[in-house]
1. Out of every Cα pair in the stretch 51-163, what percent are spaced more than 25 Å from each other?
2. Take the Cα gyration tensor of the stretch 122-189, multiply each eigenvalue by 5, square-root it, and list the three semi-axes largest first, rounded to whole angstrom.
3. Take every DSSP beta bridge whose two residues both sit in the chain, then give the antiparallel share in percent to the nearest 5.
4. Put one equal scatterer on each alpha carbon of the stretch 112-152, apply the Debye formula with no solvent term, and list log10 I(q)/I(0) at q = 0.15, 0.18, 0.28, 0.30 1/Å to two decimals.
5. Cα to Cα, under 16 Å, and not fewer than 8 places away if on the same chain: which lysines meet these conditions relative to Lys149?
6. Taking all protein chains together and a probe of 1.4 Å, list Lys176, Lys170, Lys274, Lys214 from the most accessible to the least accessible.
7. What's the extension gain from Glu11 to Lys324 if we count 0.36 nm per residue and subtract their Cα-Cα distance?
8. In the full protein assembly as shown, how much of Asp265 is accessible to a 1.4 Å probe, in Å² to the nearest 10?
Amino acid sequence: MTLGVGGSTIEKELRSMQVLSKNVKAIPKSEYYERIKKATNLMKKYNVDAIFLSCSTNLRYFVNLDICLSERLHAAIINKLGDIIYITPTFEKQKTKTLITISGEIFTWEEDEDPAIITMKCFSHLEISKGTIAIDENTPFFIFDALQKANKTHKFVNAQVITKNCREIKSQNEIKLIQTAMNVALEVQRRTARILYPGITTGEVQNFVSTAHKKLGSDTPPAFNIVLFGEASAYPHGVSYSQSLQEGDIVLLDMGATVGGYYSDITRTYVFGKPTQKQRKIWEVERGAQNALFEAAQIGAPCENLDSAARNYLEKFGLGPGYKTPGLPHRAGHGLGLDIHEHPYIVKGNTDNIAEGMCFSNEPMICMYGEFGVRLEDHIYMTSSGPKWFTTPALSIDNPFGQD
């Protein structure tokens with residue numbers, strides 16, 4: 001039996017868990033003002049007069065306001081001087097006031113009013129009579145469409161030129177939150193491996209994963225909870241049907257915690273029982289591809305070079321080429337933070353250069369449809385001296401968690 005796999009029970013593992021996120025510190029208020037300052041500098045650089053933030057993680061990132069998207073328009077506007085206006089339905093004003101931590105004016109709209117017209121009045125209030133407005137790239141179409149119809153004088157542009165340049169470089173405070181989230185998810189991975197036994201279903205494992213995340217200190221149950229056995233492990237984002245674990249099955253678990261709103265994302269693959277020669281070979285090739293990507297992750301390197309490094313390594317073993325299977329059918333990595341997937345993306349065609357503060361996954365999965373798949377996913381954060389792991393990569397197929 002693979003070391004660290006099986007031999008325990010759900011009850012025993014849950015009973016012995018302790019919260020790993022007790023001493024977490026939230027992003028300080030001063031950092032939100034630093035973010036706003038950076039955004040205003042970018043607005044001036046790109047001749048943007050204001051940014052419109054919808055109910056997305058961009059709203060949370062810049063003004064620490066977390067509001068669920070609905071059919072009603074809630075938003076914030078920041079102009080190039082750093083002035084802030086919040087827009088909310090009138091009946092939500094009092095609640096919104098309790099949520100606001102970054103000072104700004106509040107404009108409201110009644111149920112029989114058009115909030116898009118109110119938004120235009122906000123631009124006028126900020127003395128923007130004919131300006132360039134950067135619209136949050138995550139704004140739903142129905143809101144953007146309403147703004148377009150209400151707009152008479154402004155030019156709308158994609159806000160990504162501002163949001164991306166701010167968010168893809170993580171501060172030390174953000175890295176600490178991500179690190180704690182990674183610690184939680186890795187401990188869930190270890191605990192989950194121990195509760196496996198022949199006949200356990202993917203649904204039972206997923207229930208354990210959700211409970212374990214909460215007990216170990218995740219803000220929420222995992223937003224994604226992929227548990228795959230055997231042939232189903234070849235499908236990167238899972239399958240719609242349940243599986244029962246059998247001796248010799250590949251086990252693939254992909255999950256992540258949230259701490260302070262920041263995500264983690266870790267995948268482990270191993271065998272329940274004794275690996276076959278082919279399983280062992282593919283696992284080792286996957287681990288080699290992960291190493292190749294890590295070594296290519298150097299300050300100044302184009303993001304696409306990291307994807308190429310992993311893909312070129314796989315091709316040496318007859319996998320691929322390109323996105324063909326058996327091989328790697330998707331990009332080799334993605335950034336993460338307040339979203340599970342965000343910039344930078346480690347993919348062909350992304351010529352953005354790797355920079356200090358970037359955080360991204362390293363997951364050049366090998367998919368062998370009809371047989372099995374292997375994905376080892378750990379994340380990298382970039383320092384001035386090069387790449388660092390958030391979590392120690394899997395040691396071997398026989399001892400994935402480095403158990404003594």
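The values are calculated or read from the model by the stated rules, or taken from the named source; none is laboratory data. None of the values given here were measured: they were computed from a predicted structure. Cβ: placed from backbone, ideal geometry, glycine included. Neighbour counts: every protein chain shown. Surface areas here come from the heavy atoms of the whole protein model, side chains and all, with no ligands, DNA or RNA. Shrake-Rupley method; radii C 1.70, N 1.55, O 1.52, S 1.80 Å.
1. 11
2. Working: eigenvalues 280, 43, 17 Å².
Working through the eigenvalues yields semi-axes of 37, 15, 9 Å.
3. Around 75 percent of the beta bridges assigned by DSSP in the chain are antiparallel ones.
4. After summing over all Cα pairs, the log10 values are -0.35, -0.50, -1.10, -1.19.
5. Counting by Cα, and skipping residues close in sequence, Lys149 has these lysines nearby: Lys121, Lys130.
6. Details: Lys176 130, Lys170 15, Lys274 170, Lys214 100 Å².
Output order, biggest surface exposure first: Lys274, Lys176, Lys214, Lys170.
7. Contour length minus Cα-Cα distance gives 108.4 nm.
8. Approximately 10 Å² for this residue.
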